[in-house]
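Quick notes on the structure that follows.
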Amino acid sequence: MQLYNTLSAEERAELIEQAGENRLTLSFYAYAKIENPQQFRDDLFLAWDALDALGRTYVAHEGINAQMSVPASKFEAFRQTLEAYDFMKGIRLNVAVEQDDLSFLKLTVKVRNKIVADGLNDDTFDVTNKGIHLRAKEFNQLLEDPNTVVVDFRNHYESEVGHFVGAITPDVDTFRESLPIIKDQLEEIKEEKNLLMYCTGGIRCEKASAYFKHHGFKNVYQLEGGIIEYTRQVKDEGLESKFIGKNFVFDHRLGERITDDVIANCHQCGKPCDVHVNCANEACHLLFIQCDECAENMHGCCSTECLEVIQLPVEEQKNLRKGVQKGNLIFKKGRSESLKFKKNVEGATEIQPVKVSTVTQIRKKQVERKVLVGTVQHYFTKASVGQFEIEKAVQLGDKIAIVGPTTGDERLVLEKMLVNGQEVTVAQAGDRMTMELGFRVRKNDQIFKILD
């Protein structure tokens with residue numbers, strides 16, 4: 001009986017690509033009393049593995065918290081695996097605003113002490129005495145009330161790229177840090193103001209609202225379903241989105257665009273940008289915001305030190321990171337002395353929002369002109385074939401460069417390429433093009449057409 005993932009991320013990506021089936025990224029949570037979390041965990045793994053469901057799930061005595069990727073054709077079958085449990089009958093599944101078939105590449109179900117690390121002792125207050133749930137329209141109306149204080153209960157790197165207009169955005173690394181900070185900050189107005197709170201999918205507010213009511217806050221409200229459900233309702237009901245920018249998500253996508261507003265800046269040069277990346281140096285892996293130009297100049301690295309490391313042979317890199325603890329860098333997401341333009345640090349300048357259409361997406365070098373025409377989706381090792389998502393048309397005879405932090409800068413002339421298994425002379429925008437390569441490429445490497 002297989003109770004754990006046995007495939008590597010690369011192997012799983014290849015299977016997903018070969019299947020050619022659309023997948024849905026979704027999330028859900030439920031608070032409930034679970035007597036045997038380990039048995040619950042094992043039962044879920046077996047049921048979901050049979051459906052080729054992937055994702056990250058935490059279960060505990062207090063309930064379940066999940067972010068998943070499910071084949072679209074098996075969505076209802078997946079729902080049935082949840083509704084087999086009384087406490088998940090009719091559960092709301094928050095379907096992602098933007099979809100990516102490769103958002104998750106493993107199925108992980110873990111037993112934890114809590115489904116959200118809130119640092120609270122649940123025995124000290126009534127966790128069922130929660131705030132009033134508001135739908136998008138009601139939330140917008142209460143936002144307009146001058147007697148309302150709205151608080152973002154996400155972390156600094158989440159609110160940095162997107163938040164509700166006028167929200168208090170605590171500069172914290174973890175949810176547990178924000179609770180006492182906000183309580184102390186709003187202590188004097190807890191009986192007179194409306195406390196309006198929100199988070200990504202609603203789970204953090206479930207516990208936070210009860211915490212604040214326990215501490216004497218009289219008028220406590222929370223956004224039902226979080227930013228994800230809010231966005232769906234805004235679209236379905238034709239409402240104005242009071243949330244601007246991107247919604248940070250904890251999967252391969254690292255964000256889904258809600259509005260065209262870019263409210264953050266590149267942490268390396270200060271230009272408007274809201275694209276999160278992880279440092280290409282595996283021994284660092286720091287999460288930070290990096291624009292296209294800095295990504296090219298720094299090969300996806302957060303610092304010159306990391307840039308020097310990735311130039312070393314792969315085996316030497318592995319030897320350097322043996323026994324090195326990188327957890328602190330990952331935990332302190334977006335915080336490093338190397339990031340000169342991190343928003344909300346002392347001396348930083350608040351940038352004015354710009355529209356995403358004004359932010360360049362083409363990377364250039366001074367020595368030549370080239371245009372970004374696509375990205376690597378996968379590399380099939382045994383066949384030495386690369387698969388590319390084409391964004392701008394390319395044709396046989398074009399000179400191209402494939403660029404990536406590990407791949408380097410490889411040049412070639414297009415002599416043969418296939419789309420849907422057929423040889424073509426031109427690959428159009430939207431095509432998934434494949435071609436044989438004499439070198440290995442990595443996912444998200446970029447393909448440029450050289451113009452000069």
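The values are calculated or read from the model by the stated rules, or taken from the named source; none is laboratory data. Not measured: the values here are computed from a predicted model. When we count neighbours, we look across all protein chains shown, and the Cβ atoms used for this are built from the backbone with ideal geometry, even at glycine. The accessibility values were calculated without ligands, DNA or RNA, using every heavy atom of the protein model including side chains. Shrake-Rupley method; radii C 1.70, N 1.55, O 1.52, S 1.80 Å.
Numerical summary
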quantity: Solvent exposure ordering (accessible area, 1.4 Å, most first) of D173, D43; calculated: D43, D173
quantity: The chain: relative contact order in percent, alpha carbon pairs under 8 Å with at least 6 residues between; calculated: 10
quantity: Signed unit charges on C-beta, dipole axis of the chain, positive-most listed residue H163, A96, T57; calculated: T57
quantity: Per-pair calculated FRET efficiency, R0 = 22 Å: A429 and A19 via Cβ, rounded to 0.05; calculated: 0.40
quantity: Accessible-area order (highest first, 1.4 angstrom probe) of the listed residues K89, K322, K333, K382; calculated: K382, K322, K89, K333
quantity: GluC sites (Glu not before Pro) restricted to segment 371-429 and DSSP loop, no more than 15 other C-beta within 10 Å; calculated: E415
quantity: Average Cα contact separation per residue, segment 9-111, under 8 Å, 6 or more apart, as relative contact order %; calculated: 42
quantity: Distance in nm between pseudo-label sites at V111 and I132 (7 Å out along the Cβ direction from Cα); calculated: 4.1
quantity: Amide H partners (placed H, <5 Å) of H133, local residues excluded; calculated: Q222
quantity: Carbon plus sulfur fraction of accessible area for segment 37-83, probe 1.4 Å, in percent; calculated: 49
quantity: Separation of the V314 and Y85 label points, Cα + 7 Å toward Cβ, nm; calculated: 3.9
quantity: Of all accessible heavy-atom area on segment 369-451, the percent that carbon and sulfur account for (1.4 Å); calculated: 46
quantity: In Å², nearest 10: area of I402 left accessible to a 1.4 Å probe; calculated: 0
quantity: In Å², nearest 10: area of V95 left accessible to a 1.4 Å probe; calculated: 60
quantity: Sparse-neighbourhood loop sites, GluC sites (Glu not before Pro) in segment 126-181 - DSSP loop, at most 12 other Cβ within 10 angstrom; calculated: E144
quantity: Residues of segment 94-129 with amide N under 17 Å of the 7 Å Cα→Cβ point at E177; calculated: 117-120
quantity: For segment 117-122, 3J(HN,Hα) per residue [Karplus equation, 6.51 cos²θ - 1.76 cosθ + 1.60, θ = phi - 60°, Hz, x = Gly/Pro]; calculated: 6, 9, x, 9, 9, 5
quantity: Accessible-area value, M298, 1.4 Å probe, nucleic acids and ligands omitted, Å²; calculated: 40
quantity: Counted charge near A167, where neighbours are those whose Cβ lies closer than 11 Å (Asp, Glu -1; Lys, Arg +1); calculated: +1
quantity: Cβ-based charge dipole, the chain, positive-most Cα from N129, V234, V309; calculated: V309
quantity: 1.4 Å probe accessible area per residue over the chain, in Å²; calculated: 48
quantity: Residues in segment 101-133 reached by a label modelled at A47 [backbone nitrogen below 18 Å; 7 Å Cα→Cβ]; calculated: 107-112
quantity: GluC sites (Glu not before Pro) restricted to segment 182-226 and DSSP loop, no more than 16 other C-beta within 10 Å; calculated: E191, E192
quantity: Pairs beyond 18 Å (Cα-Cα), from K340/K443; K89/K235; K271/K340; K33/K213; calculated: K340/K443; K89/K235; K33/K213
quantity: Cα gyration tensor category, rounded, prolate or oblate, for segment 369-451 with a/c compared to 1.5; calculated: rounded
quantity: Overall form of the chain per C-alpha gyration tensor (a/c, 1.5; a/b vs b/c); calculated: prolate
quantity: Solvent-accessible surface ranking, highest first, for K246, K137, K74 at 1.4 angstrom; calculated: K137, K74, K246
quantity: Around L82: net Lys/Arg minus Asp/Glu count, Cβ-Cβ under 12 Å; calculated: -1
